[in-house]
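The values are calculated or read from the model by the stated rules, or taken from the named source; none is laboratory data. Predicted, not measured: the structure shown is a model, and the values here were computed from it. Cβ coordinates were reconstructed from backbone atoms using ideal geometry, including for glycine residues, and neighbour counts include every protein chain displayed. Protein only, heavy atoms only, side chains kept; ligands, DNA and RNA dropped before computing areas. Shrake-Rupley method; radii C 1.70, N 1.55, O 1.52, S 1.80 Å.
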Amino acid sequence: MAVLHPLTRDDLEVLLEVQREGAVAGLGHLFPQDEHPFPTARVRARWEAELDDPGVDCFAVVRDGQVAGFAATRGDELLHFGTAVATWGTGLAGLAHDEVLDHLRARGHRTAWLRVFDDNLRAVRFYERRGWRATDVVTRTTFPPYPVLRRYERTLGADA
């Protein structure tokens with residue numbers, strides 16, 4: 001059963017709560033909440049712009065009829081990806097990840113890329129177990145305190 005569904009504006013309230021909770025739990029060491037609280041308004045504005053952008057495909061990850069995560073692609077980039085903290089370790093993220101790769105393949109892409117915070121070891125392990133490989137390309141996020149993001153790439157062969 002598919003877990004990715006097209007994201008709508010009606011999903012944004014729940015999505016932002018899922019994203020905020022995951023960011024605090026998974027990235028709190030990079031973005032201490034007393035100094036750099038989750039920027040809800042800025043993240044909402046970004047999602048709204050991406051929903052209006054025909055070059056971005058936005059998805060809700062749905063479990064038991066409820067939004068339990070999110071994903072977005074832009075061209076061959078996995079732009080955003082995450083699942084609700086309560087689903088961590090359940091396999092939902094793996095299912096959603098595989099569906100995102102299927103989506104990219106269906107769009108004709110043979111390779112894909114994404115960016116991950118170097119110090120987000122949970123995400124690094126998740127992606128590396130699924131065939132993503134780190135490159136030497138690094139940037140910094142636009143959110144203070146501007147931690148390092150590393151580019152990861154992988155092929156999208158039929159068996160990958």
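Here are some notes:
- Residues in the stretch 44-70 that are in a strand (DSSP E or B) and open to solvent by less than 60 Å² (accessible area, probe 1.4 Å): Val56, Asp57, Cys58, Phe59, Ala60, Val61, Val62, Val67, Ala68, Gly69, Phe70.
- Which listed residue, of Ala106, Ala93, is surrounded by 15 or more Cβ atoms within 10 Å (Cβ to Cβ) and modelled with pLDDT of 95 or more: Ala93
- Residues that are of a type in the set (Ser, Thr, Tyr) and open to solvent by less than 30 Å² (accessible area, probe 1.4 Å) within the stretch 71-90 comprise Thr73, Thr83, Thr87, listed in sequence order.
- Whether a residue is modelled with pLDDT of 95 or more, farther than 24 Å from Arg44 by Cβ and under 14 Å from the mean Cα position of the chain (by Cα) was assessed, and Val138 does not pass this test.
- When restricted to residues that are assigned to a loop (DSSP other than H, G, I, E, B), out of contact with any strand residue (DSSP E or B) (no Cβ under 6 Å at 6 or more places or on another chain) and not β-branched (Val, Ile, Thr), the stretch 119-160 contains 10.
- Pairing residues of the stretch 50-68 that are more than 13 Å from Ala96 (Cα to Cα) with residues that are open to solvent by less than 30 Å² (accessible area, probe 1.4 Å) and in a loop (DSSP other than H, G, I, E, B), at Cβ distances under 7 Å and at least 6 apart in sequence or on separate chains, gives Leu51/Leu7.
- Beta carbons closer than 9 Å, at least 6 apart along the sequence or on distinct chains, pair a first residue in the stretch 118-130 that is open to solvent by 90 Å² or more (accessible area, probe 1.4 Å) with a second that is outside any helix (DSSP H, G or I) and of a type outside the set (D, E, K, R) for Asp119/His29; Asp119/Leu30; Asp119/Pro147; Asp119/Val148; Arg122/Trp88.
- Output for the stretch 76-94, where each listed residue is more than 17 Å from Gln19 (Cα to Cα) and touching a Leu at 6+ places or on another chain (Cβ under 9 Å): Asp76, Glu77
- Within the stretch 15-36, the only residue that satisfies the criterion of being more than 18 Å from Phe81 (Cα to Cα) and polar (S, T, N, Q) is Gln33.
- Just one of (1) part of a strand (DSSP E or B); (2) open to solvent by less than 30 Å² (accessible area, probe 1.4 Å) fails for Val100. It is (1).
- Count of the stretch 131-160 residues which are open to solvent by 60 Å² or more (accessible area, probe 1.4 Å) and aliphatic (A, V, I, L, M): 3
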